[in-house]
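In what follows, a structure is listed as structure tokens, so that the remarks can point back to it.
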Amino acid sequence: MNAWGRTDATSIILKEHQQLTAATGGMLQFVRREKNDAMPGFVVFRSLLYYIREYPERIHHPKEEQYLFTRIRARTDEIDNVLDDLALQHAESEAKIEDLEHALTRYELGEDTALQDLRVLVECYASFCANHRRIEEEIVLPVALRVLTAEDWTEIDAAFGANRDPFEGIPLEEDLDKLFHMILNIIPQVGP
Ligand SMILES: [Fe+2]
Ligand SMILES: [Fe+2]
């Protein structure tokens with residue numbers, strides 16, 4: 001049982017938020033390093049971007065909108081504006097990841113100003129994610145816990161506990177969990 005007095009969806013949301021924080025922490029470490037610091041190369045940064053694209057972008061955000069936000073909107077209109085903003089941020093986040101990928105490529109190709117550009121983008125993305133997470137944890141989840149019914153939670157818990165593609169029978173979330181921990185093992189200072 002977590003701090004919210006619930007298990008399942010809220011625990012999964014909190015865990016996924018921690019993992020995204022650790023992933024952005026890994027990227028920050030990459031761009032803040034000094035020239036001579038021992039550090040894994042571009043492949044780790046690309047793996048972090050891959051992880052973020054595959055998990056928070058393709059699984060976490062859509063589930064929040066499709067299940068959690070939809071059920072909250074059905075029960076109350078008190079945070080409609082907040083939910084609208086968060087949905088916009090989900091869309092913005094994808095564009096930010098693309099910008100990061102382009103900046104990383106320019107850096108790999110040896111462009112002079114590319115590391116500075118990448119650094120600015122990573123710092124912005126990390127604080128963007130931290131702010132997004134804070135709104136969900138401090139505003140959305142408390143409202144959800146107050147207004148949603150047991151029936152709502154049954155649906156939301158099932159959605160967050162389910163695999164993305166049941167047709168293939170591939171436990172994708174588990175694979176991405178493994179990938180995430182492999183990346184963190186390469187960057188030992190950053191932990192989930
Ligand atoms: Fe979100
Ligand atoms: Fe979230």
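Every number in this text was worked out from the coordinates using simple rules, so none of it is lab data. Here the structure is a predicted model, which means the values were calculated and not measured. Positions of Cβ are generated from backbone atoms using ideal geometry, with glycine treated the same way; all protein chains shown enter the neighbour counts.
Between residue 105 and residue 84, what FRET efficiency comes out of the Förster formula 1/(1 + (r/R0)^6) with R0 = 45 Å and r the beta carbon distance, rounded to 0.05? Show your work: numbers first, answer last.
Details: r = 33 Å, r/R0 = 0.74.
According to the calculation, E is roughly 0.85.
What FRET efficiency comes out for the pair residue 73/residue 94, r = Cβ-Cβ distance, R0 = 25 Å, nearest 0.05?
The value I calculate is 0.70.
Quick one: which of 8-17, 147-156 comes out on top by average Cβ neighbours within 10 Å, and what's the full order, highest first? Show your work: numbers first, answer last.
Working: 8-17: 19.7, 147-156: 15.0.
Put in order of decreasing packing, that is 8-17, 147-156.
Fewest to most neighbouring Cβ within 10 Å: what's the order for 180, 42? All intermediate terms of the calculation are to be shown ahead of the outcome.
On the way: 180 23, 42 12.
Lowest to highest Cβ neighbour count: 42, 180.
Tell me, what HN-Hα J-couplings in whole Hz come from the Karplus equation 6.51 cos²θ - 1.76 cosθ + 1.60 at θ = phi - 60° for each residue of region 60-65, using x for Gly and Pro?
So the Karplus estimates, Gly and Pro as x, are 5, 4, x, 5, 4, 5 Hz.
Whole-Hz ³J(HN,Hα) for each residue in region 46-58, computed from phi via Karplus 6.51 cos²θ - 1.76 cosθ + 1.60 with θ = phi - 60°, x for glycine and proline: what do you get?
Using θ = phi - 60°, the values come out as 5, 5, 5, 5, 4, 4, 5, 5, 7, 9, x, 6, 8 Hz.
Treat every Asp and Glu Cβ in region 9-186 as -1 and every Lys and Arg Cβ as +1, leave all other atoms uncharged, and give the resulting dipole magnitude about the Cα centre to the nearest 20 debye. Could the numbers behind the result be given before it?
Working: 19 positive and 35 negative charges, 105 e Å.
Dipole about the Cα centre, nearest 20: 500 debye.
Considering only the other residues whose Cβ falls under 13 Å of the Cβ of residue 21, what net charge follows from Lys and Arg at +1 and Asp and Glu at -1?
In short, 0.
Consider just the alpha-carbon atoms of region 9-186 and return their Rg together with their Dmax, both in angstrom.
17.6, 56
Using the Karplus curve 6.51 cos²θ - 1.76 cosθ + 1.60 with θ = phi - 60°, what ³J(HN,Hα) values do you get for each residue of region 114-125, in whole Hz, with x for Gly and Pro?
5, 5, 4, 4, 5, 4, 4, 5, 5, 4, 5, 5
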